[in-house]
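**Q** Pasting a structure here, questions to come.
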2 protein chains.
Amino acid sequence: MSFDKSRSAGVLASEIARLYTAALQRRLAPLGLSPAQFLVLSELWSEDGQTQRMLTARLGVEQATMANTLGRMERDGQIERRPHPDDRRAQIVSLTEAARALEAQATAVAREANAVVLGGLPVAEQELFLSMLGRIVSALRAGEGVPPS
Amino acid sequence: MSFDKSRSAGVLASEIARLYTAALQRRLAPLGLSPAQFLVLSELWSEDGQTQRMLTARLGVEQATMANTLGRMERDGQIERRPHPDDRRAQIVSLTEAARALEAQATAVAREANAVVLGGLPVAEQELFLSMLGRIVSALRAGEGVPPS
DNA sequence: TAGCATTAAACAGCATGCTATGCAATAATA
DNA sequence: TATTATTGCATAGCATGCTGTTTAATGCTA
């Protein structure tokens, strides 16, 4: 009859997401970063000089969301946008020195925030939990997401 | 060194949350409801006539978030706010007829959206997964959240 | 009882996410 | 080659979440 939040995978996942984001934000704030900015940076740290389109695809958010986030990152001096040499529609997103310098610290605190989440389970179950999350994401992307045309 | 999103419990949970919210939104839209509105309604369906403070505590969001959501729900004709008989600061939030009529359908589609999420796992693992989510939420609330003073 | 603290809501301002549109540049095709 | 389709981004507008501040009503206490 009624809806039991405490047994809803979606509601529980959303709550974990909110608490994780808050934990990460508290740790990133001293570095001048936000959670979404961190994700973009982590992509650029592994490969600098990507187009907005590539970043959008790899992080799995909508193009407009990425455009807004990149706008804030440019405003905050984390990235620069330079014209694409071959395609005048596109731009190359590249790290500033300031952003490059944050990699070690930011990665460390992000790992810490994730450890806090996993810390809710005994070590013996953590690996299985990660595996379950991964399988669910794959299934949802395949089933509910936009079909890859 | 670098940050691996695909092994981050927080990132994966956030992604499941986004995909779940989208799946739920698609199903609720024909009823004129949004995911956050559904959660408030589900609370009111089980006990009508609560104060904003009670709803805030039970759904675990901030007071300001709840005030905004209730504002949209009032605008959309789902709830009414009436003065509290004993406390002139407070208001009683009660369901409109229209909102009361949606319970069965809305609950059904929400269950469906949750089934889609759990569907990413074999049935044998679903119960364990729910238990893990619940334990993590409890641990995070206790550890990182605002201490219950 | 006067004054301070607490509580219930509202409001302001911001970050992230989304959809829908619009625009310019590039590609494909009739 | 002229049209049409596609692609890469930007913008607008909205929902949800947060923090911080303000206001009004209540409660407590010296």
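Each value in this text was obtained by applying a stated rule to the coordinates, not by laboratory testing. Since the structure is predicted, the reported quantities are computational estimates derived from the model, not experimental observations. Counting neighbours? That spans all protein chains shown, and the Cβs are built from the backbone with ideal geometry, glycine included.
**Q** Can you list the copy-to-copy distances for B:GLU74, using a point 7 angstrom from Cα toward Cβ, in nanometres, shortest first?
**A** Sorted ascending, the copy-to-copy spacings read 4.0 nm.
**Q** What are the distances, in nm and sorted shortest first, from the label point of B:ARG111 to the label points of the same position in each other copy, with each label point placed 7 Å from Cα along the Cα-to-Cβ direction?
**A** Spelled out, the distances from B:ARG111's label point are 4.5 nm.
**Q** Okay, moving on. Given contacts defined as C-alpha pairs under 8 Å and at least six residues apart, what's the relative contact order of chain A, whole-number percent?
**A** About 22 percent, as a whole number.
**Q** Does anyone have the angle between helix B:103-118 and the longest principal axis of chain B? Alpha-carbon axes, 0 to 90°, nearest 10?
**A** The helix B:103-118 is inclined about 10 degrees to chain B.
**Q** May I pose another question? Between the stretch A:39-110 and the stretch B:35-95, how many Å separate their Cα centres?
**A** 40 Å
**Q** Additional query: Taking every pair of Cα atoms in the protein assembly as shown, average 1/r, invert it to obtain the Kirkwood radius, and report Rg/Rh to two decimals.
**A** Rounded to two decimals, Rg over Rh is 1.00.
**Q** For the stretch B:35-101, take every pair of Cα atoms, bin their distances at 10 Å starting from 0, and report each bin as a whole percent.
**A** 22, 61, 17, 0
**Q** Using the 7 Å Cα-to-Cβ label point, sort the distances from B:SER138 to its equivalents in the other copies shortest first and give them in nm to one decimal.
**A** Nearest to farthest, the other copies are at 3.1 nm.
**Q** In nanometres, what is the gap between the two model label sites at B:GLU47 and A:GLU62, each 7 Å from Cα along Cα-to-Cβ?
**A** 3.6 nm
**Q** In chain A, if the dipole is taken from +1 on Lys/Arg beta carbons and -1 on Asp/Glu beta carbons about the Cα centre, which of A:ILE92, A:SER14, A:GLY120 is farthest to the positive end?
**A** Of the listed residues, the answer is A:SER14.
**Q** Can you tell me the alpha carbon radius of gyration of the stretch B:66-142 divided by the globular rule-of-thumb value 2.2 N^0.38 Å?
**A** 1.59
**Q** Rounded to the nearest 500 deg cm²/dmol, what is the calculated helix-only ellipticity per residue at 222 nm for the protein assembly as shown, with -39500 (n - 2.57) per DSSP H run of length n ≥ 4?
**A** About -20000 deg cm²/dmol.
**Q** Which net charge results when you count Lys and Arg as +1 and Asp and Glu as -1 among the other residues whose beta-carbon is under 10 Å from that of A:VAL109?
**A** +2
**Q** Between chains A and B there is a rotation axis; tell me the chain A residue with the nearest beta carbon and how many whole Å away it sits.
**A** A:ALA17, 2
**Q** Could you tell me, in Å, what Rg and Dmax come out for the Cα atoms of chain A?
**A** 17.7, 60
**Q** Quick one: net charge of B:ALA98's neighbours, Cβ under 15 Å, K/R +1, D/E -1?
**A** So the surrounding residues net to -3.
**Q** Output wanted: per-residue J couplings in Hz (rounded whole) for the stretch A:79-96, from phi through Karplus 6.51 cos²θ - 1.76 cosθ + 1.60, θ = phi - 60°, x for Gly and Pro.
**A** Per residue, the Karplus-derived 3J(HN,Hα) values read 9, 10, 10, 10, x, 6, x, 9, 9, 6, 7, 8, 9, 9, 9, 10, 6, 7 Hz.
**Q** Another question, then. Given 4 °C and 1.567 mPa s, how large is the Stokes-Einstein diffusion coefficient of the stretch B:102-142 in µm²/s, with Rh as the Kirkwood radius over Cα pairs?
**A** Taking Rh from Cα pairs, D becomes 111 µm²/s.
**Q** Next up: Which whole-number percent gives the relative contact order of the stretch B:35-101, counting Cα pairs below 8 Å spaced six or more residues apart?
**A** For the stretch B:35-101, the relative contact order is 36 percent.
**Q** Next up: A:ILE92's amide H: which non-local residues (gap 5+, or another chain) put their own amide H closer than 5 Å, with H modeled 1.01 Å from N in plane and none for Pro or chain starts?
**A** Sorted by chain and number, the residues that satisfy this are A:ARG82, A:HIS84.
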